[in-house]
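**Student:** My questions all concern the structure below.
The values are calculated or read from the model by the stated rules, or taken from the named source; none is laboratory data. This structure is a prediction, so every number in the text was calculated from the model and none was measured. Virtual Cβ from ideal backbone geometry, glycine too; neighbours counted across all protein chains shown.
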Ligand code: URA
């Protein structure tokens, strides 16, 4: 991650002469991510840090990194491409974020609902979605029938699909029971993976919703709604 000295960042943002800005730093008027920093050569990462002068957020020259959590409705495509007559996740990006080059970090099937992270941070997206980093994804799957205990065990051991063995999943009943809903936790992102794992065992997925990606949960976010990732979530993600 590229780092620049705090003084240079402030100077590049055109906030005053170097002398004035060095004085402001020395006097404790500058914070980085909420901490007062008095060393003007302190290295900062402008793509990630929130720098404030006199309590006002400094717009750095590099484009700020944006992380939005969307609860994707069914029927919506996880793509940035313009799809005439088809709704994509980009349609849900609120106006203030539309000038940033956001894209979905990973895809959900058109009919899968739930958590999609929209960002312009390519590195974070890569780390979040690449199986090597083993970030968990939790899905709630409603099936056409009760999941047999033996089949849950097969999912937990891994099933052999056309493109290889699946990594062990964690499976448990979800909800009040009786409506064939199960929580399935995996950390791979192969296409249609949950539907294919279940189809392999003879089940049809009636509805599929992603409720968690690593430490980011959907919570009470309604369908079609968007929220910013909190700083705490970002820090815990450590990506
Ligand atoms: N697995 C699927 O089958 N579909 C998704 O959208 C996500 C995971």
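**Student:** Provide a single number: the residues in the range 157-176 that are surrounded by 14 or more Cβ atoms within 10 Å (Cβ to Cβ) and assigned to a helix (DSSP H, G or I).
**Tutor:** 0
**Student:** Right, something else. Is there any pair linking a residue in the range 191-205 that is more than 6 Å from the ligand (Cβ to nearest atom) to one that is assigned to a helix (DSSP H, G or I), with Cβ under 7 Å and at least six apart or on different chains, and which?
**Tutor:** Close Cβ pairs (under 7 Å, with a partner that is assigned to a helix (DSSP H, G or I)) amount to 197/155; 201/151; 201/154; 205/194; 205/195; 205/198.
**Student:** Kindly evaluate residue 147 against the criterion of being away from the ligand (no atom under 13 Å from the Cβ), at pLDDT 95 or above, part of a strand (DSSP E or B) and surrounded by 12 or more Cβ atoms within 10 Å (Cβ to Cβ). Walk me through how you get there before you give the answer.
**Tutor:** Details: away from the ligand (no atom under 13 Å from the Cβ): yes; at pLDDT 95 or above: yes; part of a strand (DSSP E or B): no; surrounded by 12 or more Cβ atoms within 10 Å (Cβ to Cβ): yes.
Taking the combined requirement at face value, the residue does not satisfy it.
**Student:** Moving on to the next point. Counting just the residues of the range 110-120 that are closer than 14 Å to residue 80 by Cα and within 11 Å of the ligand (Cβ to nearest atom), which one comes out surrounded by the fewest Cβ atoms within 10 Å (Cβ to Cβ)?
**Tutor:** So in the range 110-120, the residues closer than 14 Å to residue 80 by Cα come out as 110, 116-120.
If we keep only those that are within 11 Å of the ligand (Cβ to nearest atom) as well, we get 110, 116.
Values: 110: 14, 116: 24.
Checking each candidate, the answer is 110.
**Student:** For the range 70-93, which positions are at pLDDT below 95 and in contact with a helix residue (DSSP H, G or I) (Cβ under 7 Å, 6 or more places away or on another chain)?
**Tutor:** Let us first name the residues in the range 70-93 that are at pLDDT below 95, namely 79-86.
Answer for the range 70-93, where residues must be at pLDDT below 95 and in contact with a helix residue (DSSP H, G or I) (Cβ under 7 Å, 6 or more places away or on another chain): just 80.
**Student:** In the range 85-109, which residues are within 16 Å of the ligand (Cβ to nearest atom), more than 20 Å from residue 220 (Cα to Cα) and outside any loop (DSSP other than H, G, I, E, B)?
**Tutor:** Within the range 85-109, 88, 104 meet the criteria.
**Student:** I've got another one for you. Test each condition in (1) over 22 Å from residue 70 (Cβ atoms); (2) at pLDDT 95 or above for residue 205 and report the one that comes out false.
**Tutor:** Of everything listed in (1) over 22 Å from residue 70 (Cβ atoms); (2) at pLDDT 95 or above, residue 205 misses just condition (1).
**Student:** Please state which of the following conditions residue 163 fails to meet, knowing it meets all the rest: (1) on the phi > 0 side of the Ramachandran plot; (2) modelled with pLDDT of 95 or more.
**Tutor:** Of everything listed in (1) on the phi > 0 side of the Ramachandran plot; (2) modelled with pLDDT of 95 or more, residue 163 misses just condition (1).
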